[in-house]
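Colleague: Just passing along the structure, written as structure tokens.
The values are calculated or read from the model by the stated rules, or taken from the named source; none is laboratory data. Fair warning: this is a prediction, and the values are worked out from it, not measured in the lab. When we count neighbours, we look across all protein chains shown, and the Cβ atoms used for this are built from the backbone with ideal geometry, even at glycine. Note: accessible area is taken over every heavy atom of the protein model, side chains too, but ligands, DNA and RNA are not part of it. Shrake-Rupley method; radii C 1.70, N 1.55, O 1.52, S 1.80 Å.
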Amino acid sequence: VDSGYASEDDDSERDDDSDGEDSLAILRANTYERDFAVRWLTAVIARGEELLIEDDETRTRIVDEAAFILASFTESEHANHDESLTREFSFSTASGQSVQVQLNDAPLSGTDHTDVGLQSWGASIIMSEFMCAAPKLFSLDSIQPGSTIVELGAGTGLVGLTLAKLLPLVLDVTPTVVATDYHPAVLDNLRANITTNFAAGAPAPIQTSLLDWSAPVWSPPLDKPTSMLVAADVVYAPEHARWLRDCAGQILSDDGVFWLMVTVREHGKFEGIPETVESGFAQEDDLPRRGGRVLKIIEKQWCEKKSGVGRGDEKGYNLYRIGWVKI
Ligand SMILES: C[S@@+](CC[C@H](N)C(=O)[O-])C[C@H]1O[C@@H](n2cnc3c(N)ncnc32)[C@H](O)[C@@H]1O
């Protein structure tokens, strides 16, 4: 299953290629075509070693891609199912404990192309796992008391919920996490996920807030600078990187850090989107400024896709560390 999501501005594009999508949908629903594709792919995988291709890397890639497509047949059967899916995540921490998060992945409406945050995406799983395994790498152990951590485009809230459970294991005084999104149905599902993960009675160390990157309003609890911004799989339209950069420029504290995990998709309409992050930070004149400093990408790290995590078209993930740098 590829990512197939759309941004709010994609409607015109969808109209243009709706004929192509309709005929693809008809093909996918045809049992004969499907059985043929399953047999063909199974044969490619079974005979991978015998393929008359000398280059090992190409042969491995063909077999991997055939396996992804084959797996997508089973995934799409589940995706078509009209019921919500409860997903349990367990991440090992550096200190040998584990962080457990339970999420409701609601079905996408099928009519609203912007409700992609009802499902958890591969980048949020990889980022949560990484933070638990290496909290020091993210400087989680040096977050100051009274700080706020803000998640942008939180979706089901996996990263924010993981942080809310991990921080008490690495710090004495736990900061508040604010998980934000702009979509009403996504925010409802996010609130339900917080209730599932934190018992009623005591105040949860995570709260939600509406925040639209294209027109951010900095009202409580987002009215003070944050020392850490986190976001996973939030760049999937050309304007997203610029909006996120400008939001960060407004809310990130002087010594704050913005951890941005961008999904790299090799094929289809999302190919090239990751480059918009780097080009969005390339022109120094366009960058947010503060007291002789500009907001810049300080470091980039490649994270491999893991088998069984994320959609078939995800190749891997770029993790960016973004912060204020002297001009
Ligand atoms: C692909 S989902 C990723 C969700 C989650 N971070 C994850 O990795 O599972 C993208 C998220 O960004 C949110 N989003 C898209 N455009 C937005 C905007 N302009 N302002 C705020 N959130 C937005 C969507 O509602 C959705 O929750």
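Colleague: Kindly indicate the residue of the range 111-136 that is surrounded by 19 or more Cβ atoms within 10 Å (Cβ to Cβ) and of a type in the set (A, V, I, L, M) and also farthest from the ligand (Cβ to nearest atom) among those meeting that condition.
Modeller: Met131
Colleague: Now for a different question. Given the criteria within 13 Å of the ligand (Cβ to nearest atom), free of Cβ contacts under 8 Å to residues at least 40 places away in the same chain and small (Gly, Ala, Ser), does Ala179 qualify? Write out each step before concluding.
Modeller: Values: within 13 Å of the ligand (Cβ to nearest atom): yes; free of Cβ contacts under 8 Å to residues at least 40 places away in the same chain: yes; small (Gly, Ala, Ser): yes.
Taking the combined requirement at face value, the residue satisfies it.
Colleague: OK, next. For Gly157, state whether it is in contact with an Asp or Glu (Cβ under 8 Å, 6 or more places away or on another chain) and at positive phi.
Modeller: Here the answer is yes, as Gly157 does meet what is asked.
Colleague: Could you pull out the residue among Ser147, Ser95 that is away from the ligand (no atom under 16 Å from the Cβ), over 21 Å from Ala237 (Cβ atoms), touching a residue at least 60 places away in the same chain (Cβ under 8 Å) and out of contact with any strand residue (DSSP E or B) (no Cβ under 7 Å at 6 or more places or on another chain)?
Modeller: Just a single option satisfies the conditions, and that option is Ser95.
Colleague: If you don't mind, another one. Considering each residue of the range 209-250, count those that are assigned to a helix (DSSP H, G or I) and more than 27 Å from Arg311 (Cβ to Cβ), and give that number.
Modeller: 3
Colleague: Going through the range 137-150 one residue at a time, which ones are open to solvent by less than 10 Å² (accessible area, probe 1.4 Å) and either in a helix (DSSP H, G or I) or more than 17 Å from Phe258 (Cβ to Cβ) (or both)?
Modeller: If we filter the range 137-150 for residues that are open to solvent by less than 10 Å² (accessible area, probe 1.4 Å), which is where we start, we get 138, 140, 149-150.
Passing the criteria: only Leu140.
Colleague: Only one of Leu260, Leu295, Leu319 is open to solvent by less than 10 Å² (accessible area, probe 1.4 Å) and in contact with a Pro (Cβ under 7 Å, 6 or more places away or on another chain). Can you tell me which?
Modeller: None of the others qualify; the one that does is Leu295.
Colleague: For the range 6-112, which fully contained helices (runs of 4 or more DSSP H) count at least 2 residues that are modelled with pLDDT under 75?
Modeller: Hits in the range 6-112: 11-16, 18-29, 56-80.
Colleague: While we're looking at this one, here's another question. When you go through (1) touching a helix residue (DSSP H, G or I) at 6+ places or on another chain (Cβ under 6 Å); (2) buried (at least 18 other Cβ atoms within 10 Å of the Cβ) one by one for Pro288, which number turns out not to apply?
Modeller: (2)
Colleague: Within the bounds of the range 151-174, is there any residue that is part of a helix (DSSP H, G or I), within 17 Å of Leu229 (Cα to Cα) and open to solvent by 20 Å² or more (accessible area, probe 1.4 Å)?
Modeller: yes
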